[in-house]
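S.K.: Please read through the structure below; I'll follow up with questions.
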Amino acid sequence: MTTEIYIGTARFQRIAAAIAALEPCWFSGVVTADQVKLALGEHGDIWPDSIRRDVDCAV
């Protein structure tokens, strides 16, 4: 497991921009934790440990 503390500035800016651009969920009216998780994963390749088992099973 990678436990980086610091990430490159360009990567940080890309992730921050993706999170800042999130639109509120049409149903709840707020940005959800799942939206943030997807933005982190898709734009920064940072995924929560909670999905590791699902990913390991899919591979």
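S.K.: Sort out which residues of the range 21-48 are part of a helix (DSSP H, G or I) and without any contact (Cβ under 8 Å) to a residue 24 or more places away in the chain, and write them in order of number.
M.R.: Those that are part of a helix (DSSP H, G or I) and without any contact (Cβ under 8 Å) to a residue 24 or more places away in the chain: 33, 34, 35, 36, 37, 38, 41.
S.K.: Could you list, in sequence order, the residues of the range 2-34 that are under 16 Å from the mean Cα position of the chain (by Cα), more than 19 Å from residue 45 (Cα to Cα) and loosely packed, with under 10 Cβ neighbours inside 10 Å?
M.R.: 23, the sole residue that qualifies.
S.K.: Something else about it: Which of the residues belonging to the range 43-55 are closer than 21 Å to residue 6 by Cβ and surrounded by 10 or more Cβ atoms within 10 Å (Cβ to Cβ)?
M.R.: Selection gives 43, 44, 45, 46, 47, 48.
Quick note: the coordinates plus some simple rules give every number you see, no bench work behind them. Note that the structure is a prediction, hence the values are computed from the model and not measured. With ideal geometry, Cβ positions are generated from the backbone for all residues, glycine too; neighbour counts draw on all protein chains shown.
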